[in-house]
Structures are given as structure tokens and as C-alpha cells.
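Visitor: I'd like to ask some things about the structure below.
The values are calculated or read from the model by the stated rules, or taken from the named source; none is laboratory data. What you are looking at is a predicted structure, and each value in this text was computed from that prediction instead of being measured. Virtual Cβ from ideal backbone geometry, glycine too; neighbours counted across all protein chains shown.
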Amino acid sequence: MVGDSLLAVLLAAFDILVFAAGGLDPDAPGPSWYIAVPIDIAVVAPLVFRRKRPVLAAYAVYVVSYAHSALDLGVSGLVALAISLYSVQVYVGRKQGLLYGGAFVVAMAVAAIVKPEPSVAAQLLFSAFTIAFCWLLGEFMYARRAYQRELEARLHLLETERDQAARIAVAEERGRIARELHDVVAHSVSVMVVQADGAALALKSNPELAGRALGTISETGRGALGELRRLLDVLRGDRGDDEPRVPQPDATALGDLAQRMRAAGVPVDLALGDGLDDLPAGVSLGIYRIVQESLTNTLKHAGAGASAAVRVHRTGDQIEVLVRDDGAGRARRLEQVGANGATGTARQPAPRLSVAGGNGLIGMRERAHVYGGTLEVGPAAGGGWQVRAVLPVRLNS
């Protein structure tokens, strides 16, 4: 508004100076100063608000310009009309610009009819040129402002999409880190807790067995600390280039996993099919983690004397993983209530379902779904618990 106020002051000052010098036609009688000066100011004052209220300011100039032109007080009325036409075209739009341009033409025609002069043709030509120039300039600036708004909208959309993509990537990375930490910590801590309980029970009656359990605890704890340290080094990014890197476990390491579970007190019957060596790294890691979590749950929940069977077979483009424990040989039974109120027991079937479960089951489900696979978790037919996962094989061609 500072620039527009300065423009209005300059136009009003110019007309006031012209009036003080005797007007555009010194021979013609002019109005008194207390009439001419307020009209000179009133015709340009709305230009101060031409950006905030372009339509209102333009039509205020339009109304006052009739009196300004009739009294022949100068050129500020014509200039103010031209600036108003430009402002309406730029800040409002083409439709309002056309309406105001038509009103501008009407004003020029009325002035020529009411006050005919020998040079009326030249005046009309000049007015037409002024209207055309202001219209084209306003159209150009309107198109430029529309283009700028479109660019700003696109930039805002791109920034929003970038922020959303960053948040999605962070959420996925957090989920991946949480799964890895759970798999590392839950398995090792479960083995250590079971071995510690066994060592406490056998400390007096069988010190040798307690010693072996303590050795297993120590070995498992060191392995877990090593895996956690490697994972944290990757997250911090402070691993040196010359430091050796340890690969993630895969399906070929299931034999070592089964051996560790046997040492922890869970007999594991492991059967691996062919074609597990050339699996994609992610699929192979998912198979290992699913079997690891399943055996950890067997260790924690199946009870003493429970055993587990692990079957991993590849059929065409699919890998089937089946982990089943016998729950210490105890079949799960359900109480059934008959129509007459009598109760009885029946052996529970093995439903095919995906239970909500804790973090372990959630992690297994996420690992299966991330590769388009399925996970079924539930009680087994003859007692115990089973986990069945089917993962598609996606080898690079």
C-alpha cells in the first residue's frame, strides 16, 4: 500500500499543480479550489486499496472520474481508470476485467457525447489504445500470477509427498529394526531363562548338568550381545570399512539353530528340502526368523519334555515352512455344552487362522506378508501348536 499511496499522491499533486497554473484551458472558467482539490484527491484515493479491494476501488474511481472529466481537472482521472482496469484484470479475473473495460468504454463515449470537442476522434483513439494496453498488460500479469500459483501448488504437493514418503520409510525401517531386535533378544533371552531355571533346579542334585546349563547361558548371552552390537553399529553407521561384516542368517543356518535348541533342551526334528541355497536374501532371512520365533515359543510355552518338528520344502515357486510342537504330548480339549446342559470333552481340531498374538507373531506375520506370503498359526490336531508359512520365491531373472 505504500507504493500505491505514493502513486495516488503523485497523481493528485500533478492535477492540483495543473489547477493552480490555470487548468488545461486557461481561457475557460474553472471551478473553485474547494471543489477541484477534493475531486482531484477523491479520484485517486481509491488506488491505495486497489490490491486489497480491487473491484470496490475500481468502481469508486469510475464514479468520481465522471465529475473529474466533466470539470476538466486534468489527466489523473484517465490514468486512475487505466490503473483500475489493470488491477481488476490482475487481482480479480478476466470476467470482471471485461465488465470494467466495457464500463470504461461507456464512460469515454458519454464524455464525447456530453462534451464534444474538435479533437474528440483523437481522444477516443487515445482512450481505446489505453484500454487495450491496460487489458493486455493485465492479461499477461494475470496469466503469470496463475502460473506462479500453479508452480507453488505443485511444489507444495511435492514437498507433502516427500514428507509422506519419508514418514513411510521411517515407519518401515522402525518396523524392520523392531523385528530384528525382537528376534535377536527374544530367542536368546528365552534360552537363557530356561537354562537358568534348569540350572537352579539341578544345582544341588546334578552339579554337572547345572554347569552345562550355565555354559549354555554364557554362550547364548555372548552371541546375543554380538548380534546386538553388530545391529547397533549398522544403525549408528560407525562401522569401519576395514572391519569384517557378518552376514545375516538364512535358511542354510537352520541346522545350527536346531542344534542350539537341542542344547537348550528342546529336541528338534529338522527336515530341509532342496533348492534352499539360491533363495533371495530377504526370503531366506524370513524363513530363518519364522523358524527361530516358532522354536522360541516352543521353548517358552510348550512345557517340559516338549519336542518340535521343522519342515521346510520348496515346491515350484513357493516355500512352505511348517513348525509343530507336541506340547509335551498334551492334547488340547474343549468343554462342549449340549442342548440339555450336559458337558463333555472333545479333541480340539487344528483351525487355520492368523491370531493376533504378541510381538513375535506380529513379526512373523509381517515377514510373511512383506513378500506376499501367508501365515497360519494355531493349535495342532493332536495337541501342541503349529506355525505354517507359505512364501513365494522371487528369484532375479
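Visitor: If I filter segment 26-49 for residues that are charged (D, E, K, R), surrounded by fewer than 22 Cβ atoms within 10 Å (Cβ to Cβ) and at pLDDT 85 or above, do I get at least one hit?
Guide: Applying the first criterion (charged (D, E, K, R)) to segment 26-49 yields 27, 40.
Checking the rest, the ones that are also surrounded by fewer than 22 Cβ atoms within 10 Å (Cβ to Cβ) come to 27.
From the residues that got through so far, the ones that are at pLDDT 85 or above too are none.
The answer is no; no qualifying residue exists.
Visitor: Quick one: what pairs do we get from segment 370-397, first residue under 13 Å from VAL323 (Cα atoms) and modelled with pLDDT of 90 or more, second in a strand (DSSP E or B) and among the hydroxyl-bearing types (Ser, Thr, Tyr), C-beta under 9 Å, 6+ apart or different chains?
Guide: Pairs that qualify, where the first residue is under 13 Å from VAL323 (Cα atoms) and modelled with pLDDT of 90 or more and the partner is in a strand (DSSP E or B) and among the hydroxyl-bearing types (Ser, Thr, Tyr), are ARG388/THR374; ALA389/THR374; VAL390/THR374.
Visitor: Where in segment 1-111 are there helices (runs of 4 or more DSSP H), lying fully within it, with 3 or more residues that are within 27 Å of MET141 (Cβ to Cβ) and among the β-branched types (Val, Ile, Thr)? Walk me through it before giving the result.
Guide: Working: elements: 2-20, 33-44, 54-70, 76-91.
Filter on segment 1-111 gives 54-70, 76-91.
Visitor: Scan segment 305-323 residue by residue and report those that are closer than 11 Å to VAL387 by Cβ and either outside the structural domain of ARG262 (by TED's automatic domain parsing) or buried (at least 21 other Cβ atoms within 10 Å of the Cβ) (or both).
Guide: ALA308, VAL310, VAL321, VAL323
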